[in-house]
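Heads up: the structure comes next, in structure tokens.
The values are calculated or read from the model by the stated rules, or taken from the named source; none is laboratory data. Here the structure is a predicted model, which is why all the values come from computation and not from measurement. Ideal geometry is used to build each Cβ from the backbone, glycine not excepted, and the neighbour counts take in all protein chains shown.
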Amino acid sequence: MRNRPIRLVLTAVAAGVLAVGAPAVALAAATESSAAPAQRQTAPTESQWKQLDHLAATPAVLGVADSGAMLRLAAGTSAVDKAEVQKLLPAGVPTAVQASRFSKDTLDRIQTAITDRAWNSDADKYGVATSYDAATDKVTVYTDAPGSVTKSLTSAYPGAVDIQQARLEPQQSRFADAQPFWAGAALIGTEGTSAYKCTAGFAVKQHATGHLYMTTAGHCYGNLTHVYSRGQNNGFGNWVGQVTRRNQNIDTELMSGNTAKPYDSFMFTGGLAGSGASMFVHGTELPDNGTKVCVSGSVSFNHCGHPISNSRFSICYSGGVNCIKDGKGFVYDQGGTNWPAYDNGQLTQPGDSGAPIYTTDDTESGAWIVGGHSGVVWQASSPCHCSREHMVGVNIAAITQDFGVDVVTR
């Protein structure tokens, strides 16, 4: 996985990980009473916060609570050093000075262990961040991992960590992707003299050689076309790959890169252009009637709740040779919340072609690929005498079997 900067939705944190099976670290007992901090009358001023921040950078101090009401000293801090810290407290701010359960080395070791994600065999499938909370004298862990995974942490550090569910999003977006490229990224290539917009599907690996490819719709680019990441202004970005395999009977093509790992098993899932929200690809699922799916396109972005209404569908589009034959396609409908029609949900748009269609688990961190988006069918509908749009996908089994590949998962 690329080393991308992380943005935590809830708060900014300091990164600060644990060998598998490592014993719980013995924590130093606090040397002072854990009585509640003194109540302050007013919030610290900017000048007072500068003084507190300066104190927080000294070796004896582990941190200052967000309220300014508590300052924590490292376990084992001498009375002389404590007195020096107390002398430097800003006047007018009733900041309590108490010892932490942690020494500085112990705190650093715990925070490093948390972000190394070696504490559970599934930990690296989830985002994680950590910071020290001086008010509670605990290490706060922000993660989208389920309790079945985080219990390894709470067992290793009983009473010392506070697990908080959070969504961590990379700042990279589908419009500024870089190698290794992810599913759902915006693409642009040349078909003749015209730039053509599409969406990256998902990474696949050839059975025999292990060679990696990225899928998209077969009608997007001609064979040997060079494909690039697409900016929001439709400009050309990083080179994604070259179309080297194409099957117009299932409207799917594969791009090939020029490095050992040009593509990865992650997918952009943001609902806005600038969002870097993502999840990992965990597996595949066949398109059964009634299953509600999501699609993550580069024009309509990520949207969900679309029921599959026909799991064996064939289509040949007008004006070209691109088809989905032999019942290897499926239809998924608009969906929505308006009873009884349930047709006020989002729809795919031109440029979403190739986008991953998927289901997800309860944690919304892992995706199961159902297929790749191909196009739409407009159908006259009674009694409204209007046209209704039905979205069309390519069955994931058709893609993997016809190309002899497997979906790259994590």
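Odds and ends about this structure:
- Within the range 341-365, the set of residues being in contact with a strand residue (DSSP E or B) (Cβ under 6 Å, 6 or more places away or on another chain), surrounded by fewer than 24 Cβ atoms within 10 Å (Cβ to Cβ) and modelled with pLDDT of 90 or more comprises Q346, L347, G351, T359, T360.
- Here the condition is being more than 30 Å from G147 (Cα to Cα) and hydroxyl-bearing (S, T, Y); of S353, S275, it holds for S353 alone.
- Among the residues listed as D105, D124, D144, D116, the single one being touching a Ser or Thr at 6+ places or on another chain (Cβ under 7 Å) and either within 30 Å of A69 (Cβ to Cβ) or not assigned by TED's automatic domain parsing to the domain that holds S67 (or both): D144
- At least 1 residues being within 19 Å of A397 (Cα to Cα) is the threshold, and among the strands (runs of 3 or more DSSP E) wholly inside the range 186-295 those reaching it are 203-206, 212-217, 236-247, 252-256, 263-268, 278-284.
- Test: residue in the range 296-313 that is hydroxyl-bearing (S, T, Y), assigned to a loop (DSSP other than H, G, I, E, B) and modelled with pLDDT under 95: no
- Residue in the range 395-409 that is of a type in the set (G, A, S) and exposed (fewer than 14 other Cβ atoms within 10 Å of the Cβ) present: yes
- Criterion violated by D162 - all others in (1) in a strand (DSSP E or B); (2) within 17 Å of F268 (Cα to Cα); (3) modelled with pLDDT of 85 or more satisfied: (2)
- Filter result (of a type in the set (S, T, Y), at pLDDT below 95 and either more than 13 Å from A178 (Cβ to Cβ) or in contact with a helix residue (DSSP H, G or I) (Cβ under 9 Å, 6 or more places away or on another chain) (or both)) within the range 225-260: T225
- Residue in the range 305-321 that is surrounded by the fewest Cβ atoms within 10 Å (Cβ to Cβ), counting only those that are in contact with a Gly (Cβ under 8 Å, 6 or more places away or on another chain) and of a type in the set (A, V, I, L, M, F, W, C): I315
- D361 vs. criteria under 18 Å from N310 (Cα atoms) and not hydrophobic (A, V, I, L, M, F, W, C): no
- Among the conditions (1) under 24 Å from the mean Cα position of the chain (by Cα); (2) surrounded by 14 or more Cβ atoms within 10 Å (Cβ to Cβ); (3) on the phi < 0 side of the Ramachandran plot, I324 misses just one, which is (1).
- The residue that is nearest to K197 (Cα to Cα), among those in the range 219-242 that are of a type in the set (A, V, I, L, M) and surrounded by 22 or more Cβ atoms within 10 Å (Cβ to Cβ), is V227.
- The range 249-272: number of residues that are over 18 Å from T199 (Cβ atoms) and over 26 Å from the mean Cα position of the chain (by Cα): 1
- Residue match in the range 322-338 (condition: in contact with a helix residue (DSSP H, G or I) (Cβ under 7 Å, 6 or more places away or on another chain) and either modelled with pLDDT of 90 or more or assigned to a loop (DSSP other than H, G, I, E, B) (or both)): yes
- Any hit, the range 76-95, residues being closer than 22 Å to I163 by Cβ and crowded, with 22+ Cβ neighbours inside 10 Å: no
- All conditions in (1) among the β-branched types (V, I, T); (2) surrounded by fewer than 21 Cβ atoms within 10 Å (Cβ to Cβ); (3) touching a strand residue (DSSP E or B) at 6+ places or on another chain (Cβ under 8 Å) hold for V61, with the sole exception of (2).
- The range 97-129, subset part of a loop (DSSP other than H, G, I, E, B) and surrounded by fewer than 18 Cβ atoms within 10 Å (Cβ to Cβ), residue farthest from the chain's Cα centre (by Cα): S103
- Qualifying positions in the range 301-326 - within 24 Å of G222 (Cα to Cα) and not charged (D, E, K, R): S314, I315, C316, Y317, S318, G319, G320, V321, N322, C323, I324
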